[in-house]
Amino acid sequence: MGFVYREVRLVGEEKPEAIEVRVAAHAGIRGRCSACRRPSPGYDRQPERRWQFVPLWGIPVWFVYAPRRVECPEHGVVVEHIPWSDGKRPVTLAMMGFLARWARRLSWRETAQVFQTSWESVYRSVEWFVEWGLEHRQLDGITSIGVDEIHWGHGMKADNFLTVIYQIDAGCRRLLWIGKRRSEKTLRLGLKALGPAVVKSLRFVCSDMWKPYLNVLAAEAGQALHVLDRFHIAQHMNQAVDEVRRTEGTRLKAKSKEESRQLKNMRWPLLRKGSRVRGKARKKLNALIASKLDTARAWELKEAFGHFWKYKSVLWAAGFLDAWCDRALRSRLEPMQKVARMLRNHEDLLMNWFRAKGELSSAAVEGLNNKIRVITRRSYGFRTYKAMEMAQYHALGRLPEPESTHRFC
Ligand SMILES: [Zn+2]
């Protein structure tokens, strides 16, 4: 490479505080221009600089070197290219790669503590890693994407939501893009970032019934089959059951103790899939179902809807949907009626689930979704939006990694 390790020195009075690796330029090899990398005649030498290297036996290691300046025929007098550094930071590329890789396994704070460096330095390392990865990733061959919103931070303001785009092909599930807010503008930005070639070759898109997403996907990726995400429909259904339970709970409390007891501690059993409720909770649930309570009727509607996904034929599924919506609309349960109206309004998209059957896994969306939530929840560790964004790409983007002259983990 044109450089040799000349001397390794242990610094410290009683116990070693640092290891200094003095680097020297190979006498016979010219320095390279940092702009074009062409070997150029030497000009002069700058004062010594230090770059943090990967610690050994818990002792910080520093590269020490006095960079040359070279006179490039094209770029004039410039500092030489230094292969172990990106020229900006006093940290070697090897150390940045090392920190970035560890930052996937530990929190950033822990990474900084264990390797005796700053949080900032871990952040910069991840940033460098991610930026390199985003620049070098391949985006061809993407046929299915999922679009979703996630909540982050405190409050319900527009800025507390993020839009995420995932690739959900069987062979490759990864985070493709993340951006602030959940507006049409946000999603347009995201699709633009993927590029028109990617968007035009999509065959499936999967999303919630969120209007801005529906609009943009119809306009930009009209050729793709738009599938409503099953996971989100279940969520709407559960929210409706819960709303019925809460309203009824308040009403019963005022009326009779006996009846109100039936609803106590029933939130989770009611939201679960019926076949998964066992033991004591099951007995209570059975008693509740036998009652004439609104909550019981709402729960039954929710459970019945589970059959919808089992149909193989679009026609039969459509028939079932129609009958279910009729029942829900006649139920006099406002939250359930609302769900029914919503499903009817999006019937076409809902039926696409059967048209895409076998080719699209909505479980993929759900899986990635949960992971991204876990990472945003750790957000107290990320001081800024930018840092959180970097962490998401780092953990879920499956980005290619820069080659390094030294690799440790
Ligand atoms: Zn040059």
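The values are calculated or read from the model by the stated rules, or taken from the named source; none is laboratory data. The structure presented is a predicted model; accordingly, all values stated were derived computationally and were not measured. Quick reminder, even Gly has a Cβ in these numbers, built from the backbone with ideal geometry, and neighbours come from all protein chains shown. Keep in mind that these areas ignore ligands, DNA and RNA; they rest on the heavy atoms of the full protein, side chains included. Shrake-Rupley method; radii C 1.70, N 1.55, O 1.52, S 1.80 Å.
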> When both residues are 6+ apart or on different chains and their Cβ atoms are under 8 Å apart, which pairs have a first residue that lies in segment 295-317 and is touching a residue at least 40 places away in the same chain (Cβ under 8 Å), and a second that is outside any helix (DSSP H, G or I) and surrounded by fewer than 17 Cβ atoms within 10 Å (Cβ to Cβ)?
Replying inline: Lys312/Lys357
> So which residues in segment 40-89 are within 22 Å of Glu7 (Cα to Cα), within 16 Å of the ligand (Cβ to nearest atom) and either assigned to a loop (DSSP other than H, G, I, E, B) or of a type in the set (A, V, I, L, M) (or both), if there are any at all?
Replying inline: Pro67, His81, Ile82, Pro83
> For segment 216-243, how many residues meet the condition of being modelled with pLDDT of 90 or more, open to solvent by 10 Å² or more (accessible area, probe 1.4 Å) and part of a helix (DSSP H, G or I)?
Replying inline: 8
> Gly155 is checked against (1) over 21 Å from Pro400 (Cα atoms); (2) open to solvent by 60 Å² or more (accessible area, probe 1.4 Å); (3) at pLDDT below 90; (4) not in a helix (DSSP H, G or I) and fails just one. What number does that condition carry?
Replying inline: (2)
> So which residues in segment 20-38 are within 16 Å of the ligand (Cβ to nearest atom) and open to solvent by 70 Å² or more (accessible area, probe 1.4 Å)?
Replying inline: Arg30, Arg32, Arg37, Arg38
> Do you know which residues across segment 159-182 are closer than 12 Å to Ile142 by Cβ and either touching a His at 6+ places or on another chain (Cβ under 6 Å) or free of Cβ contacts under 8 Å to residues at least 12 places away in the same chain (or both)?
Replying inline: Gly171
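Evaluate segment 272-280: report whether one residue or more is closer than 25 Å to Glu149 by Cα and in contact with a Ser or Thr (Cβ under 9 Å, 6 or more places away or on another chain). Lay out the reasoning, then the answer.
Step one: filter segment 272-280 for residues closer than 25 Å to Glu149 by Cα, giving 272-273.
Pick out the ones that are also in contact with a Ser or Thr (Cβ under 9 Å, 6 or more places away or on another chain) and you get none.
Scanning segment 272-280 turns up no residue that is closer than 25 Å to Glu149 by Cα and in contact with a Ser or Thr (Cβ under 9 Å, 6 or more places away or on another chain).
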> Which residue, of Arg332, Arg407, is in a loop (DSSP other than H, G, I, E, B) and modelled with pLDDT of 90 or more?
Replying inline: Arg332
>> Take the conditions surrounded by fewer than 21 Cβ atoms within 10 Å (Cβ to Cβ) and among the β-branched types (Val, Ile, Thr) and apply them to Val199. Does it pass?
In response: yes
> So Leu191 fits all but one of (1) in contact with an Asp or Glu (Cβ under 6 Å, 6 or more places away or on another chain); (2) of a type in the set (A, V, I, L, M); (3) not in a helix (DSSP H, G or I); what number is the exception?
Replying inline: (3)
> What are the residue pairs meeting all of these: first residue in segment 322-351, first residue open to solvent by 10 Å² or more (accessible area, probe 1.4 Å), second residue outside any helix (DSSP H, G or I), Cβ atoms under 6 Å, and 6 or more apart or on different chains?
Replying inline: His346/Met209; Leu349/His226; Leu349/Leu228
>> Given the options Ala317, Ala281, name the one that is open to solvent by less than 40 Å² (accessible area, probe 1.4 Å), at pLDDT 90 or above and not hydroxyl-bearing (Ser, Thr, Tyr).
In response: Ala317
